[in-house]
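The values are calculated or read from the model by the stated rules, or taken from the named source; none is laboratory data. The structure displayed is predicted, hence computed values, not measured ones. Here the Cβ is made from the backbone with ideal geometry for all residues, glycine too, and neighbour counts use every protein chain on show. Heavy atoms of the whole protein, side chains included, go into the accessibility calculation; ligands, DNA and RNA do not. Shrake-Rupley method; radii C 1.70, N 1.55, O 1.52, S 1.80 Å.
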Amino acid sequence: MTTPLIRIANLNKSFGPLHVLRDVSLDVTAREAVVIIGPSGSGKSTLLRCINLLEPIDSGSIQFETSKISADSRGAHLLRRQLGMVFQNFELFLHLTASENIMLAPMKVLGMDRDAARTVAEDLLAKVHIPDKADFYAHELSGGQQQRVAIARALAMRPKVMLYDEPTSALDPEMIKEVLDVIRELSQEGMTSLVVTHEMGFARNVADRIIFMDEGRIIENAPPETFFNGGSDLQPRTVRFLDQILHH
């Protein structure tokens, strides 16, 4: 049995009186693509934010490789380098070009010189299928192109895990596919991925495992074929969710 790359045990997180994560436990092995789905407010995004140290946890533990993750540790910035995060709203610097957005962290954090960083940026823009957009400013790009720059920017730090928080929720329908195709390719190349999404076709085709969350708990943890065709093997709450999503 391989040791998990990420091990989450009995994780709890509250915002004031709101108990957002309730005893969440989850193992993620290297090269695995885990897709997290569930209704709004079920704790999916909070879970990613806790893994990436953007939110402190109340109790429980998160381990990455052999290190415990805790937001107050001095190793936080070292750990964040290994976890690439892609947000719903791109979070690009609009006054910088696509390549400058990607070059920034390798130069500032990894101490890379400008020419080397530019080479990395060009390679990554080719990887996300927009090699011709290197010198376009972020505001000149479509939403789908901006999100692909955001993915390239996260990859520039050579992370071991990519975390995607609803990466297509702010996009027009025709742009969703171009972003999901990039995420699919990265995962096929062996990038360990945790993806929060509402895109069921993507979940079915790309996930090694699907996690279904509701009210801060993991209700279901199953391979896609079981999740989508499991019927009596699934929790009643999962069946209700799938019925609403797939048949309406």
**Study point:** Residue among 188, 244 that alone is of a type in the set (S, T, N, Q) and more than 23 Å from residue 52 (Cα to Cα)
**Key:** 244
Practice item. Tell me which residues, restricted to region 198-243, are in contact with a strand residue (DSSP E or B) (Cβ under 7 Å, 6 or more places away or on another chain) and of a type in the set (A, V, I, L, M). Key: 203, 206, 207, 210, 211, 213, 218, 219, 222, 234
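How many of the residues in region 30-39 are open to solvent by 10 Å² or more (accessible area, probe 1.4 Å) and under 14 Å from residue 211 (Cα atoms)?
Qualifying residue count for the region: 2.
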Check your understanding: Filter region 193-225 for residues that are at negative phi and acidic (Asp, Glu); which is surrounded by the fewest Cβ atoms within 10 Å (Cβ to Cβ)?
Key -> 225
Exercise for review: Kindly list the number of the only condition in (1) closer than 30 Å to residue 43 by Cβ; (2) open to solvent by 70 Å² or more (accessible area, probe 1.4 Å) that fails for residue 157.
Suggested key: (2)
Point to revise | Some residue of region 95-109 being without any contact (Cβ under 8 Å) to a residue 24 or more places away in the chain, open to solvent by less than 30 Å² (accessible area, probe 1.4 Å) and among the small types (Gly, Ala, Ser) | key: no
**Study point:** Pair list, Cβ < 8 Å and 6+ apart or interchain, from region 226-244 residues that are more than 21 Å from residue 205 (Cβ to Cβ) and in a helix (DSSP H, G or I) to residues that are open to solvent by 30 Å² or more (accessible area, probe 1.4 Å) and of a type in the set (A, V, I, L, M)
**Key:** 237/219
Review point. Does region 129-148 include one or more residues that are open to solvent by 60 Å² or more (accessible area, probe 1.4 Å), acidic (Asp, Glu) and part of a loop (DSSP other than H, G, I, E, B)?
Key: yes
Exercise for review: Among the residues of region 1-40, count how many are closer than 24 Å to residue 241 by Cβ, assigned to a loop (DSSP other than H, G, I, E, B) and in contact (Cβ under 8 Å) with a residue 12 or more places away in the chain.
Suggested key: 3
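Do we have any residue at all in region 206-221 that's within 28 Å of residue 106 (Cβ to Cβ) and in a loop (DSSP other than H, G, I, E, B)?
no
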Check your understanding: Would you call residue 121 in a helix (DSSP H, G or I), aliphatic (A, V, I, L, M), open to solvent by 30 Å² or more (accessible area, probe 1.4 Å) and more than 30 Å from residue 14 (Cβ to Cβ)?
Key -> no
